[in-house]
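This report concerns only the one structure given below.
Please treat every number below as a calculation from the coordinates, not as lab data. As the structure is a computational prediction, the values presented were derived from the model and not from experiment. Counting neighbours? That spans all protein chains shown, and the Cβs are built from the backbone with ideal geometry, glycine included.
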Amino acid sequence: MKTLSDFNFSDKKALIRVDFNVPLNEKFEVTDATRIQAAKPTIIKVLEDGGSAVLMSHLGRPKGVQEEFSLKHIVADISEVIGVEVKFVENCVGAVAEQAVAALNPGEVLLLENLRFHEEETKGDVAFAEQLSKLGDIYVNDAFGTAHRAHASTTIVAQFFSGAKCFGNLLAKEIESINKVLKDGQKPITAVLGGSKVSSKITIIENILDKVDHLIIGGGMTYTFVKAQGGKVGNSICEDDKQELALSILKQAKEKGVQVHLPVDVIAADGFANDANTKIEPANAISDGWEGLDAGPQTRQNFHDVIMQSKTILWNGPLGVFEMENFAKGTIALGDSIAEATANGAFSLVGGGDSVAAVKQFGFGKKVSYVSTGGGAMLESLEGKTLPGIVAIEA
Ligand code: AMP
């Protein structure tokens, strides 16, 4: 894997694909600079070597040039985070961009305008990618969030940098973390899959059955498995057309020697609301008119015991409707268990959509080994797909 440390950027211009698709409020102020901070180590390495950095990113989904999606709104924020006055150029290709790059001195940083102001970007247009390639000597991809897209700046551009391309720090860390779970994870390896639907997680489940020792299934997916095995699920979320699939997953797991752990008890509610009445019920005997919205106490204990024996843990998806305080207990307890196992030396990776939101909301971010920054890219990695942005650097 080619990384930044394979290059000396002295007197070189690094063309860096970053993910600065940050949230802005109505005054165009950045409300969460996490993605800018995440790109900082890569930019600093280039500058400290004595090189200059040309940053390219998308912001939102503009249709053509739309002022509200201009990256000019975030120049001051980037300058503040990296501690260097960032220059800006109002196009990402063409003469104006080339001149701005030519005028760049070692130690300086230039931000190009939103890549998606050109429709060629998402189309993966080769001529557009070639124009981008004129803006640097070495191509660095540090945008994991778009690594699953074969866009011009994330994938196609790499073909113009034979031998002079590498992963940035952030992307390298993402790849290493995924490998630490799926390729060379220390056993026992446990995957926790929660969230709402079996249908959205099925490819992940099928891929990881070959890699893990324990599979914990929780959240809304529980009830499809419970009903398929003859249990009563009341009004709980359930995909009737996925029951056969659920049984086939359990069969495959058995054949592969994977231990599957499902909730044994749940917090059932008489409505989908935080102030609904609740009671603890067996996961396979939920009263008519009630629905399971969180893991029950015995389930939390069972999952804790599995997590504490694990050396490698992957977590994707909440164990309950954590957005409502009264149904967040299972998700919080799981986060606590994973934090404790991590403190004892386990490697833990949290990735994909809502589990990242939950980890942030409940403050587990610093207590797990790694929190992935890329929702879709992480999910596709867990599904076993090779991401075009990664393949392009390795080619
Ligand atoms: P996903 O995007 O598939 O990871 O699903 C995340 C969503 O699943 C969250 O918004 C949770 O509120 C929801 N969820 C988790 N457990 C349940 C449950 N028992 N019933 C309904 N929704 C749930």
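Look at where the Cα atoms of the stretch 182-200 and of the stretch 93-129 average out, and the two centres are 39 Å apart.
Between E67 and K183, the simple label model (points 7 Å from Cα in the Cβ direction) yields a spacing of 4.8 nm. Subtracting the Cα-Cα distance of K366 and I44 from 0.36 nm times their residue separation leaves 113.7 nm of extension gain.
How far is helix 329-343 tilted off the main Cα axis of the chain, in degrees rounded to 10, range 0 to 90? Here the helix axis deviates by roughly 60 degrees. In terms of its alpha-carbon gyration tensor, the chain comes out prolate; a/c meets the 1.5 threshold, and the first ratio a/b outweighs b/c. When a/c is below 1.5 the answer is rounded, else prolate if a/b is larger than b/c, else oblate, so apply that to the stretch 148-203 with a ≥ b ≥ c taken from the square roots of the Cα gyration tensor eigenvalues. Oblate is the answer for the stretch 148-203, as a/c is 1.5 or above yet b/c matches or exceeds a/b.
Is the shape of the stretch 243-377 rounded, prolate or oblate, going by the alpha carbon gyration tensor and its root eigenvalues a ≥ b ≥ c, with a/c under 1.5 for rounded and a/b larger than b/c for prolate? Oblate, because a/c is 1.5 or more while a/b does not exceed b/c. How far apart, in nm, are two points set 7 Å out from the Cα along the Cα-to-Cβ line at Q159 and at Q301? Spacing of the two 7 Å Cα→Cβ label points: 6.0 nm. With 28 Å as the limit, the listed pairs K183/K367; K72/K385; K134/K360; K45/K385; K40/K180 have K72/K385; K134/K360; K45/K385 beyond it between alpha carbons. A Cα-only calculation for the stretch 16-131 places Rg and Dmax at 13.7, 38 Å. Ranking A328, V356, L182 by how far each Cα lies toward the positive end of the dipole of the chain (charges on Cβ) leaves L182 at the top. Per residue, the convex hull spanned by the Cα atoms of the stretch 330-389 measures out at 87 cubic angstrom. By how many degrees, 0 to 90 and rounded to 10, does the Cα axis of helix 243-256 deviate from the longest principal axis of the chain? Result, in degrees: 80. Once both labels are positioned 7 Å from their Cα atoms along Cα-to-Cβ, the gap between N91 and D11 label points is 3.1 nm.
Its Cα gyration tensor gives the stretch 185-328 an equivalent ellipsoid; the semi-axes, largest first and in whole Å, are 25, 17, 12. A Förster radius of 56 Å combined with the Cβ-Cβ distance from E119 to N277 puts the calculated FRET efficiency at roughly 0.60. Exposed loop sites were defined as GluC sites (Glu not before Pro) in DSSP loop states (anything but H, G, I, E or B) carrying at most 16 other C-beta atoms within 10 Å; in the chain the longest segment without such a site runs 120-322.
Counted residue by residue at 0.36 nm each, then reduced by the alpha carbon distance between them, the extension gain from V84 to A102 reaches 4.6 nm.
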